[in-house]
1. For VAL34, work out the one condition from (1) open to solvent by less than 80 Å² (accessible area, probe 1.4 Å); (2) within 15 Å of LEU82 (Cβ to Cβ) it doesn't fulfil.
2. Select from the range 1-18 the residues that are at pLDDT 75 or above and open to solvent by 100 Å² or more (accessible area, probe 1.4 Å) and list them in ascending order.
3. Does the range 90-98 contain any residue that is open to solvent by 60 Å² or more (accessible area, probe 1.4 Å), modelled with pLDDT of 80 or more and β-branched (Val, Ile, Thr)?
4. Which ones in the range 47-84 are loosely packed, with under 13 Cβ neighbours inside 10 Å and within 14 Å of LEU30 (Cα to Cα)?
Amino acid sequence: FYLMQWVQKKLSPDALPANWFAIIAYSAGLIYLVEIIIWLLPELFVFKILIAYTGVLVWFGIKSVTTDQTRQIIYCTLITLLLISLPILLTNLFYGMVRFQ
């Protein structure tokens, strides 16, 4: 959320502030919901394909932010990559810190 506010200020300093929290929260909610379902029922790992739908949610959210097609693509790509990669990175980072006995 803060990163996207910073990126918007760098790319278009004269633009109106966007509701980045809503865009990020709705898109990330799908990712976490799928992860919880897979954690509870590992047999349903095929639902991981639904994470790709995050890009569609972000794309429709970005339409309210800017009308410039180039900026829409940049924002959508950046947000989608961050939303998909950060949970994986954090899980791998903190999983090594916890010792299960």
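1. Here VAL34 clears every test but (2).
2. The answer is TYR2, TRP6, LYS9, LYS10.
3. Among the residues of the range 90-98, not one is open to solvent by 60 Å² or more (accessible area, probe 1.4 Å), modelled with pLDDT of 80 or more and β-branched (Val, Ile, Thr), which makes the answer no.
4. ILE49, ALA52
The values are calculated or read from the model by the stated rules, or taken from the named source; none is laboratory data. Small disclaimer: the values here were computed from a predicted structure and weren't measured. Heads up, the Cβs are rebuilt from the backbone with ideal geometry, glycines too, and the neighbour counts pull from every protein chain shown. Areas reflect the complete protein model, heavy atoms only, side chains present, ligands, DNA and RNA absent. Shrake-Rupley method; radii C 1.70, N 1.55, O 1.52, S 1.80 Å.
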